[in-house]
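Enquirer: To start, I am sharing the structure in question, which I have written as structure tokens.
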Amino acid sequence: MEKRYYQPEIETMPVAELQKLQSEKLVKQVRHVYDNVPYYRQKMDEKGVKPEDIKGIEDLHKLPTITKGDLRETYPYGMLAVPLEDCVRIQSTSGTTGKRVIAYYTQKDVELWEDCCARALVAVGATKKDVCQVAYGYGLFTGGPGLNGGSHKVGCLTLPMSSGNTERQIQFIQDLQATILCCTPSYAAYIGETMKEMGIKPEDNTLKAGIFGAEPWTEEMRRDIEKSLGIKAYDIYGLTETSGPGVSFECEAQTGMHICEDHFLAEIIDPDTEEVLPLGSVGELVFTSLDKEAFPLLRYRTRDICRLTREPCPCGRTHVKMCKPMGRSDDMLIIRGVNVFPSQIETVLINEGYSPNYQIIVDRVSNNDTIDVNVELSPEQFHDTIKEIAKLEKNLEAALRTMLGIGPKVHLVAPKTIARSEGKAKRVIDNRKLH
């Protein structure tokens, strides 16, 4: 494997050196937050911890955690740690209920974020000779601006397409010979599907790699996208609260996402007790921003469930790797006492030969939870008779029961009847009144 790095001295830094750097940054950051964010100072005081109690990363667990609820409570300026005139940009979370979370950036914050995105691009083989098509949404959503900035830093010709207008996306891929595509995985799948309908074969396009994130996707969906676009598909992870995409990213080994540990300190905790779990354990991912000036979050609970590993990577990067999030500690579906993650359903669908265009509808009838899964048929499958479709539905219900431990009702529907998404796919409709 050819080793490619954007900042080699940092990306391959020995772990002991990296942890020393993290400790130095943490001590400084805790002082910055305590002195400048009254809300967080109050939380620290309530927990009986002072900045001088934090002497290194081994003391991180002493600090209180922060949740999205805290960010909504302090909206809009309550977590700001620098004067507003020092900020040059805001970004905001997409699609959450209630008050949106606003993240603030100084110019240095923007530069560091773009460095992380540049690392992600170089990790998948990007050079200044590449044409990078950014089909994430722009505006308040972090996807477009983050990868756009990273692409500029690498020196790629950057096509700031934003999402939507799929035929124009494909025209630009062809006319400008785009080599790297950045968008959500569901949109990448849609582009592949549209290309097929237009008679464009995977080997006929110039794309070689794709960086896909902002929503959960499975290994099965990865293989599907790789096949339909004729590329290698890479994962990227980030949160508006910590900066945006580029907090972690996959290298060519595709065995997990390297966290940019010089900027983001990761922990895994038990979501119920907040106890810090040892490396390799499955739990909730918590991030501390070590360099953010304007909006520095200490011990931010992401609600993503995953695992961290320090197994050596063939790419030579030393930064800890996180697996794909396995689900969420907050929006995981609990149906009749059983934990259900949409990714489990997607795995079964793709393994059984169905498209990843599906919708899960959860309801409560006479105090009983119901789960229905609408699955789109391909044009070839749709020619089957009603009797054959009923048989396919029963087979799929059995496969899902094996995976989930409960039996959802499956409805196979006509091609193109489930709304396509050009941003984050809305996979779950939960009609239960749970709150």
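The values are calculated or read from the model by the stated rules, or taken from the named source; none is laboratory data. Quantities reported herein were computed from a predicted structural model and do not represent experimental measurements. Cβ sites come from the backbone with ideal geometry, for glycine too, and all protein chains shown count toward neighbours. These accessible areas exclude ligands, DNA and RNA; they are computed on the full protein's heavy atoms, side chains included. Shrake-Rupley method; radii C 1.70, N 1.55, O 1.52, S 1.80 Å.
Enquirer: Specify the inter-centroid distance of the stretch 175-197 and the stretch 62-121, based on alpha-carbon positions, in whole Å.
Expert: Between the Cα centres of the stretch 175-197 and the stretch 62-121 lies a distance of 30 Å.
Enquirer: Quick one: check the C-alpha center-to-center distance for the stretch 1-43 versus the stretch 325-402, whole angstrom.
Expert: Between the Cα centre of the stretch 1-43 and that of the stretch 325-402, the gap is 42 Å.
Enquirer: Moving on to the next point. Calculate what fraction, in whole %, of the accessible area of the stretch 146-188 sits on carbon and sulfur atoms when a 1.4 Å probe is rolled over the protein chains. Display every interim value, and only then the final one.
Expert: On the way: 650 of 1510 Å².
Summing carbon and sulfur atoms, their accessible area is 43 percent of the total for the stretch 146-188.
Enquirer: Now for a separate question. Is the stretch 1-106 rounded, prolate or oblate when judged by the Cα gyration tensor, a ≥ b ≥ c being the square roots of its eigenvalues, rounded requiring a/c under 1.5 and prolate requiring a/b larger than b/c?
Expert: On the way: a/c = 2.05, a/b = 1.26, b/c = 1.63.
The shape class here is oblate.
Enquirer: Something else now. Say the cut-off is 24 Å between C-alpha atoms; which of 387/426; 232/394; 129/232; 201/426; 227/424; 28/62 go over it?
Expert: Working: 387/426 30 Å; 232/394 34 Å; 129/232 18 Å; 201/426 28 Å; 227/424 21 Å; 28/62 16 Å.
The pairs that break the limit, which is 24 Å between Cα atoms, are 387/426; 232/394; 201/426.
Enquirer: Hey, got a sec? Which trypsin sites (Lys or Arg not before Pro) in the stretch 119-210 land in a DSSP loop and have at most 12 other Cβ atoms within 10 Å?
Expert: Values: sites: 119, 128, 129, 153, 168, 196, 208; in loops: 128, 129, 208.
When the trypsin sites (Lys or Arg not before Pro) of the stretch 119-210 are filtered for loop state and at most 12 Cβ neighbours within 10 Å, 128, 129 remain.
Enquirer: Related question: Filter the GluC sites (Glu not before Pro) in the stretch 178-286 down to the DSSP loop ones having no more than 13 other Cβ atoms within 10 Å, then list what survives.
Expert: Working: sites: 193, 197, 203, 219, 220, 226, 241, 250, 252, 261, 267, 274, 275, 284; in loops: 241, 252, 261, 274, 275.
In loop regions of the stretch 178-286 (DSSP not H, G, I, E or B), the sparsely surrounded GluC sites (Glu not before Pro) are 275.
Enquirer: Among 217, 382, 237, which residue has its Cα furthest toward the positive end of the charge dipole of the chain, with +1 on Lys/Arg Cβ and -1 on Asp/Glu Cβ?
Expert: Checking the options against the dipole of the chain, the answer is 382.
Enquirer: Count the net charge of all other residues whose Cβ sits under 11 Å from the Cβ of residue 224, scoring Lys and Arg as +1 and Asp and Glu as -1. Numbers along the way, then the final one.
Expert: On the way: positive: 222, 223, 227; negative: 193, 219, 220, 226, 346.
Once all neighbours under 11 Å are counted, the net charge is -2.
Enquirer: Only bridges whose two residues both fall in the chain count here: according to DSSP, what percent of them are antiparallel, nearest 5? Let's see the in-between values first.
Expert: Values: 40 of 63 bridges.
Beta bridges within the chain, antiparallel portion: roughly 65 percent.
Enquirer: Considering only protein heavy atoms, what per residue accessible area in square angstrom results for the stretch 251-366 with a 1.4 angstrom probe? Kindly include the intermediate steps, with their values, before the conclusion.
Expert: Details: 4130 Å² over 116 residues.
Ligands and nucleic acids excluded, the figure is 36 Å² per residue.
Enquirer: Please compute the modelled spin-label separation between residue 432 and residue 46, points set 7 Å along Cα→Cβ, answer in nm with one decimal.
Expert: So the two model labels end up 2.9 nm from each other.
Enquirer: I've got another one for you. Percent of accessible area on the stretch 295-352 owned by carbon and sulfur, 1.4 Å probe? Present the calculation step by step, with values, prior to reporting the outcome.
Expert: Numbers: 1090 of 2180 Å².
Carbon and sulfur atoms account for 50 percent of the accessible area of the stretch 295-352.
Enquirer: Right, another one. Given points 7 Å out from each Cα along the Cα-Cβ axis, report the residue 35 to residue 397 separation in nanometres with one decimal.
Expert: With each label point 7 Å from Cα toward Cβ, the separation is 6.5 nm.
Enquirer: Enter the accessible area per residue of the stretch 4-71 (Å², integer; probe 1.4 Å; all protein chains in place). Mind dumping the intermediate values first?
Expert: On the way: 3460 Å² over 68 residues.
Heavy-atom SASA per residue in the stretch 4-71 reads 51 Å².
Enquirer: Here is a further query. State the percentage of accessible surface on the stretch 237-290 attributable to carbon and sulfur atoms; use a 1.4 Å probe and exclude ligands, DNA and RNA.
Expert: Working: 700 of 1390 Å².
It is 50 percent, rounded to a whole number.
Enquirer: Please list, by residue number, every one of the trypsin sites (Lys or Arg not before Pro) in the stretch 369-435 that is coil in DSSP and has at most 10 other beta-carbon atoms within 10 Å.
Expert: Hits after loop and neighbour filter: 433.
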